[in-house]
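**Q** Sharing a structure with you now.
The values are calculated or read from the model by the stated rules, or taken from the named source; none is laboratory data. All of these numbers come straight from a predicted model, not from anything done at the bench. Areas reflect the complete protein model, heavy atoms only, side chains present, ligands, DNA and RNA absent. Shrake-Rupley method; radii C 1.70, N 1.55, O 1.52, S 1.80 Å.
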Amino acid sequence: MAGMAMFASNLSSEVGLKLLLSPLDTNVVVRTACCSVGILLPVYSTFKAIEMGDQNEQQKWLLYWAAYGSFSIVEAFTDKFLYWFPLYYHVKFAFLVWLQLPSADGAKQLYTNHLRPFLMRHQGRLDNILELFHGELAKFISTHQTEIQFAQMLLAKSLLSVGGILQPGQGRVVGTIEGPAAQLETSAQQVETSESEDES
């Protein structure tokens, strides 16, 4: 009997340890860390730099976002291939930390040595592309103004409906679609009306 209890205890601790460490077998933990270090922390740090009016911190975080944005563009096109490399997200995590470390000043190095020369060399062409894009976007918006207004109205009604669902007891939201209960009530009233007309 004591042997059986010892076996059960060992089995439960082994299963518990496997369950505890199972996220480490996948990239879930490292991907979450990448998101936290690469986006959440910089967003908050950028907020603080803006609110405190510290020009040096603002420039530091502008350089970071330029480097991070460039990295994200490259990653969007290469992620399907890079994902298969072992420890890809670990390397990405280390890279994101390097970009932010004050001692390494990685974002400034990346901007100064690679991003700035590339953008300076292609600035005229990029300005033409942006101008063309803005012109086409303005034409699209003016051409499809009624559809855009309809989509805005639909979105506003959807958000109001969701707000009514998430906050019960606030009463029925105007413009919502009535569910089956209201339809059954209406059908029952119609049947009663027709039965009373048949009786008379």
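**Q** Restricting to the stretch 57-101, name every residue that is of a type in the set (Asp, Glu) and more than 19 Å from the chain's Cα centre (by Cα). Full working, then the answer.
**A** Filtering the stretch 57-101 down to residues of a type in the set (Asp, Glu) leaves 57, 75, 79.
Across the stretch 57-101, the qualifying residue is only GLU57.
**Q** Answer yes or no as to whether THR46 is open to solvent by less than 40 Å² (accessible area, probe 1.4 Å), among the hydroxyl-bearing types (Ser, Thr, Tyr) and at pLDDT below 95. Give the derivation first.
**A** Details: open to solvent by less than 40 Å² (accessible area, probe 1.4 Å): yes; among the hydroxyl-bearing types (Ser, Thr, Tyr): yes; at pLDDT below 95: yes.
Yes, satisfied.
**Q** While we're here: At least 3 residues that are hydrophobic (A, V, I, L, M, F, W, C) and modelled with pLDDT of 55 or more in each: list the helices (runs of 4 or more DSSP H) lying fully within the stretch 121-200 that qualify.
**A** It comes to 123-143, 145-166.
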